[in-house]
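The values are calculated or read from the model by the stated rules, or taken from the named source; none is laboratory data. Not measured: the values here are computed from a predicted model. Don't worry about glycine lacking a Cβ; one is built from the backbone with ideal geometry, like all the others, and counts go over all protein chains shown.
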Amino acid sequence: MPRPTAAQFAYGSCTVIFSTLAMLLLSRTSSGPGVAVVAVAALALGLLVAMTVPLPRTRTVTAVPNRTPAAAQEPVPAAPVAAGSGEPARGRAA
């Protein structure tokens, strides 16, 4: 099982805190067993939220068939350049 990410910790912790406060305020319980039930329910809800946060996907590199690496390719011959000009050499006009 992969380790949880920071986002999973954050979502799970916030869920536990806010759901505990909401359930305690809505249920108006003050007994020990009632608070324990609310705490266990909040922990279960936080765990559920933390585990359903999508994990980052790892990139897989697949080989492309019939391709050669760039270093193994033959260089493309350049067009000859006339001396003193920045343009390729052309045939001389008579």
message = What's the total number of residues in the stretch 30-68 that are of a type outside the set (A, V, I, L, M) and either within 18 Å of Pro2 (Cβ to Cβ) or modelled with pLDDT of 85 or more (or both)?
response = 12
ask   = Counting only residues that are farther than 20 Å from Met51 by Cα and either in a helix (DSSP H, G or I) or aliphatic (A, V, I, L, M) (or both), how many does the stretch 1-37 have?
value = 13
